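Here is the structure we will look at, set down as structure tokens.
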Amino acid sequence: MRPGGEKKEITVLAIESSCDETAAAVVVNGRDVRSNIIASQIDIHRLYGGVVPEIASRRHIEKINQVIAEALAEAKQSFSDMDAICVTYGPGLVGALLVGVGAAKAISYAAGKPLVGVHHIEGHISANYIANPELEPPFLCLVASGGHSHLVIVRDYGQYEVRGRTRDDAAGEAFDKVARAIGLGYPGGPEIDRLAKEGDPDAIEFPRASIEGAPYDFSFSGVKSAVLNYINGCRMKGVNYSEADIAASFQRAVVGVLTDHTMLAAEDYHIDKIAIAGGVACNSALREEMRAACGARGYSFYLPTPELCTDNAAMIGAAGYYDYMNGVRHGLDLNAVPALKLGE
Ligand code: KG4
Ligand code: ZN
């Protein structure tokens, strides 16, 4: 508290460049987003059907200064107004991460502001604090993105227990691969979501994998192969197939597993506050099914707006604020850590 009694506002500049979005944001007290600028590279990567790491790094370099300047301008603030510079330092593509980390270190050094390295998944989870001002730990969060599928108990701010993870493909990766197989563009998740609305989710029974002895873990390579086999089988027999039915049935299988495992963990760990995060949390069927499952059990359900589910820097500012308040500080030797584990 300040002498006058009012609480000091903590303002952070947050930077995110772990994959194919160059993003910067100004966030106050972890929940109040003053600006959130995203330069998406999707249009270039779409030409190649997925993210090309070299192109991503180069694009980040071209865009990062402009994106940071825009974030400050929109918030009507300057580097000197910041209490900390927060940046994603892993997990992600090493060349892409290095661009954000390099920019953050330069600003931290030049402006004399503390540097806080943030875990990307911690960022996804923290998007829920922005969208739901009343949400406080403990809660259970399903994080489903292009690179990760985790079930995480958030014990407290900055305290994470990973209870489930994918054994192979991430949920978003499965969406992207199946979309490609049925001739849809990249990223595939939104395309499948759209096409599934025209199809019958009960048309085809695709497998829902569970792993013996690890009831909260996920495996999506089986359902992906089943879709490919189904398409190949139809082609070999000269039978017509409906892309919309495949999209709807595949989506039902993946959403079913994500929801069932989350509900099982909630029951086993006696947690009645459930959140979802990551790009796949944009999925309309997942949002509906999780809401219904939570409603049926009397659990509270939290979710970010779709813009805060996919990669952005506001979520890094939310996570970075709580890390900063917990005393996390990094030196100018901070490096990108492509395989950074949650809780390290
Ligand atoms: O969180 P994110 O932007 O990046 C990573 O950290 O990976 O997630 C991107 C992933 C992609 O795989 C994309 O296909 C998926 O999220 N996604 C969706 C939807 N919107 C994005 N998956 C299913 N349904 C959607 N509506
Ligand atoms: Zn992400």
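Any idea how far apart Ala111 and Ser78 come out in nm if each label point goes 7 Å out from Cα toward Cβ?
Rounded to a tenth, the inter-label distance reads 1.1 nm.
Does a label point 7 Å from the Cα of Ala209, set along Cα-to-beta-carbon, have any residues of the stretch 150-193 with amide nitrogen under 17 Å, and which are they?
150-151, 164-179
Provide the packing ranking of 31-44, 214-227, 301-314, i.e. peptides ordered by the mean count of other C-beta atoms within 10 Å per residue, highest first.
Working: 31-44: 17.5, 214-227: 19.2, 301-314: 22.6.
Packing order, densest peptide first, comes out as 301-314, 214-227, 31-44.
Between Asp32 and Glu288, what's the calculated FRET efficiency when r is the beta-carbon distance and R0 is 30 Å? Round to 0.05. Walk me through the intermediate numbers first.
Working: r = 29 Å, r/R0 = 0.97.
The calculated FRET efficiency here is 0.55.
Given the pairs Lys105/Lys224; Lys63/Lys341; Lys105/Lys341; Lys177/Lys237; Lys76/Lys177; Lys197/Lys341, which are separated by over 31 angstrom at their Cα positions?
Details: Lys105/Lys224 41 Å; Lys63/Lys341 28 Å; Lys105/Lys341 22 Å; Lys177/Lys237 23 Å; Lys76/Lys177 42 Å; Lys197/Lys341 36 Å.
Over 31 Å Cα-Cα: Lys105/Lys224; Lys76/Lys177; Lys197/Lys341.
Just to confirm my numbers, what's the Cα centroid distance between the stretch 198-273 and the stretch 87-133 in Å?
Measuring centre to centre over Cα atoms gives 33 Å.
May I ask what percent, to the nearest 5, of DSSP beta bridges between residues of the chain are antiparallel? Intermediate values should be presented prior to the final figure.
Numbers: 28 of 45 bridges.
Looking only at bridges with both residues in the chain, the antiparallel portion is about 60 percent.
Tell me, how many Å apart are the Cα centres for the stretch 286-322 and for the stretch 1-72?
About 19 Å separates the Cα centre of the stretch 286-322 from the one of the stretch 1-72.
Just subtract the alpha-carbon distance of Thr305 and Met325 from 0.36 nm times their residue separation and send over the number in nm, one decimal.
4.7 nm
Given a Förster radius of 30 Å and the C-beta distance between Ile10 and Tyr269 as r, what FRET efficiency does 1/(1 + (r/R0)^6) yield to the nearest 0.05? Write out the running numbers ahead of the final one.
On the way: r = 31 Å, r/R0 = 1.04.
With a Förster radius of 30 Å, E is 0.45.
Just how many % of Cα pairs in the chain lie over 37 Å apart, if you round to the nearest whole percent? All intermediate terms of the calculation are to be shown ahead of the outcome.
On the way: 11053 of 58996 pairs.
Percent of Cα pairs beyond 37 Å in the chain: 19.
Taking K and R as +1 and D and E as -1, what net charge do the other residues with C-beta under 15 Å from the C-beta of Leu332 add up to? List each step's numbers first, then the result.
Details: positive: Lys105, Lys113, Arg329; negative: Asp333.
Computed value for this residue: +2.
With a cut-off of 8 Å between alpha carbons and a minimum separation of six or more residues, what is the relative contact order of the stretch 156-285 in percent? Present the calculation step by step, with values, prior to reporting the outcome.
Numbers: 170 pairs, mean separation 41.2, N = 130.
With pairs under 8 Å counted, the relative contact order is 32 percent.
So for the stretch 203-344, what are the equivalent ellipsoid semi-axes in whole Å, largest first, each being the square root of 5 times an eigenvalue of the Cα gyration tensor?
Numbers: eigenvalues 239, 85, 50 Å².
Here the semi-axes work out to 35, 21, 16 Å.
By how many nm would the segment from Arg58 to Ala339 grow when fully extended, if each residue of separation counts as 0.36 nm and the alpha-carbon distance is taken off? Before the final figure, lay out the partial values.
Numbers: separation 281, 0.36 × 281 = 101.16 nm, distance 2.08 nm.
So the extension gain works out to 99.1 nm.
Could you grab the Rg to Rh ratio for the stretch 27-113? Cα atoms only, Kirkwood for Rh. If you can, show how the numbers build up before the last one.
On the way: Rg = 14.1 Å, Rh = 14.2 Å.
In the stretch 27-113, Rg relative to Rh is 1.00.
Can you tally the net charge around Tyr322? Count Lys and Arg as +1, Asp and Glu as -1, for every other residue whose Cβ sits under 14 Å from the Cβ of Tyr322.
On the way: positive: Arg31, Arg155, Arg329; negative: Asp32, Asp83, Glu122, Glu136, Asp156, Asp323.
Once all neighbours under 14 Å are counted, the net charge is -3.
Between Leu47 and Lys237, what FRET efficiency comes out of the Förster formula 1/(1 + (r/R0)^6) with R0 = 35 Å and r the beta carbon distance, rounded to 0.05? Don't skip to the answer; put the middle values down first.
On the way: r = 33 Å, r/R0 = 0.95.
Efficiency for this residue pair is about 0.55.
Given 0.36 nm per residue, what is the gain on full extension from Asn229 to Gln159 after removing their alpha carbon distance, in nm?
Once the chain is fully extended between Asn229 and Gln159, it gains 21.0 nm.
Run the accessible area of the chain with a 1.4 Å probe and give the carbon-and-sulfur part as a rounded percent. Before the final figure, lay out the partial values.
Numbers: 7220 of 14580 Å².
It is 50 percent, rounded to a whole number.
Normalised by the number of residues in the chain, what is the relative contact order in percent for Cα pairs under 8 Å and 6+ residues apart? Walk me through the numbers on the way to the answer.
Working: 775 pairs, mean separation 84.7, N = 344.
Reported relative contact order: 25 percent.
Calculated from DSSP H runs of 4 or more alone, at -39500 (n - 2.57) each and per residue, what is the 222 nm mean residue ellipticity of the chain, nearest 500?
Working: 11 runs with 151 residues, N = 344.
After summing the helix terms and dividing by the residues of the chain, the value is -14000 deg cm²/dmol.
The values are calculated or read from the model by the stated rules, or taken from the named source; none is laboratory data. Because the structure is a prediction, the values reported are computed rather than measured. Cβ coordinates were reconstructed from backbone atoms using ideal geometry, including for glycine residues, and neighbour counts include every protein chain displayed. When the accessible area is computed, the model is the full protein with side chains, heavy atoms only, and any ligands, DNA or RNA have been set aside. Shrake-Rupley method; radii C 1.70, N 1.55, O 1.52, S 1.80 Å.
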